[in-house]
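K.L.:
Attaching a single structure in structure tokens format; questions to follow.
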Ligand code: ATP
């Protein structure tokens, strides 16, 4: 367990009478890459702004390490923010944009220069010092914004959808680069996105939010493999969610069949929901399958085929590297490790 650097305790925030965060509790470890993930309007940015000091909560406490910082203004917090719109200064060149924070601190030029050049080196922009901002691509502007934030050596960097304006390819590159920077500089990153793939790729810990509430906190693997409820399961990639009955420990029935599983601790015959990822269904000849399904539609996706399959009146999504034909009857098997059980109460 990492030493806590930021702790939000029982935070409540409302705007114009609308409660945006309620009983919000979160501990972020020193050096951790934490991502707040959730649909638009769920309160991610509000959490970030609360940490940054731009939002004053109605109640609750914000701690930096052991120190309560409720009344510490934003510029006195060891926290820096990168916004989606990078807010670079268009009239200053790359060098001056990065140097800006250091100049505010009235540091001498001989201290500023090596720091700025080192940061530009780190983000791959050495040689661009004299370029003006509007002569840079979106990705380069983003790098300047990152350099400008990191040159102040914040302990915590808050990033609000920083890659939102970039095209997919650049976005992927920058994801890896941000992750590398975070590791190298050992700064705590609190990252906001509504893109689940981005969250899974980059984070040590993902916080899934909906309507101001935390739905689940866990490693990307935990969140993907063991979603705690249907909201998380659906938000984190495609899944098949079917009603089932937990017959006893390690045995669940759904679709009229019993399946071995790895879950336990439910009441005997407790109604549950079963989550099965599209890539976890084995397609076999109909006679060899525990379930049978009728293939409705097959879409080529490059790496795999996406198939929509009718199983007892419910549509299943299956990803497979082998195509079946629309109208074909297929057999389906699912291994114990691929079956994830959720309590219906959690739903
Ligand atoms: P997005 O992904 O769209 O940025 P988000 O999850 O970051 O969404 P927030 O920006 O935290 O969500 O907003 C949560 C709710 O609070 C929204 O309904 C929003 O309209 C409202 N809200 C946020 N800031 C303010 C404000 N300054 N004044 C009034 N309402 C606000």
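K.L.:
I'd like to verify a number: residues in the range 156-176 that are within 29 Å of residue 63 (Cα to Cα) and either in a helix (DSSP H, G or I) or more than 17 Å from the chain's Cα centre (by Cα) (or both), how many?
P.N.:
Final tally of qualifying residues: 2.
K.L.:
Okay, next question. Could you check the range 19-53 and list, in sequence order, the residues that are outside any strand (DSSP E or B), near the ligand (Cβ under 9 Å from one of its atoms) and either within 19 Å of residue 154 (Cβ to Cβ) or in contact with a helix residue (DSSP H, G or I) (Cβ under 7 Å, 6 or more places away or on another chain) (or both)?
P.N.:
Listed by number, the residues that qualify are 38, 45, 47, 48, 49.
K.L.:
Hey, could you check the range 216-249 for residues that are surrounded by 21 or more Cβ atoms within 10 Å (Cβ to Cβ) and over 27 Å from residue 306 (Cα atoms) and say which is farthest from the chain's Cα centre (by Cα)?
P.N.:
246
Residue-wise test of (1) buried (at least 17 other Cβ atoms within 10 Å of the Cβ); (2) within 16 Å of the ligand (Cβ to nearest atom); (3) in a helix (DSSP H, G or I).
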{"site": "6", "(1), (2), (3)": "yes, no, no"}
{"site": "13", "(1), (2), (3)": "yes, yes, no"}
{"site": "75", "(1), (2), (3)": "no, no, yes"}
{"site": "112", "(1), (2), (3)": "yes, no, yes"}
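K.L.:
Residues that are within 16 Å of the ligand (Cβ to nearest atom), at least 2 per element: which strands (runs of 3 or more DSSP E) completely within the range 178-250 meet that?
P.N.:
The qualifying strands (runs of 3 or more DSSP E) are 188-193, 205-210, 213-218.
K.L.:
Just to be sure before I move on: is residue 265 surrounded by fewer than 14 Cβ atoms within 10 Å (Cβ to Cβ) and assigned to a loop (DSSP other than H, G, I, E, B) in the structure I sent?
P.N.:
Values: surrounded by fewer than 14 Cβ atoms within 10 Å (Cβ to Cβ): yes; assigned to a loop (DSSP other than H, G, I, E, B): yes.
In short, yes.
Let's see how each residue does on (1) under 24 Å from residue 225 (Cα atoms); (2) within 27 Å of the chain's Cα centre (by Cα):
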| position | (1), (2) |
| --- | --- |
| 288 | no, no |
| 291 | yes, no |
| 303 | yes, yes |
| 309 | yes, no |
| 312 | no, no |
| 315 | yes, no |
| 318 | yes, yes |
| 337 | yes, yes |
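K.L.:
Okay, moving on. Identify the single condition in (1) exposed (fewer than 14 other Cβ atoms within 10 Å of the Cβ); (2) free of Cβ contacts under 8 Å to residues at least 60 places away in the same chain; (3) closer than 20 Å to residue 224 by Cα; (4) in contact with a strand residue (DSSP E or B) (Cβ under 8 Å, 6 or more places away or on another chain) that residue 297 does not satisfy, given that it satisfies every other one.
P.N.:
(3)
All of the numbers you see were taken from the coordinates with simple rules; none came from a lab. Predicted model only: the values in this text are computed from it and were never measured. Every residue, glycine as well, gets a Cβ built from its backbone with ideal geometry; the counts of neighbours run over all protein chains shown.
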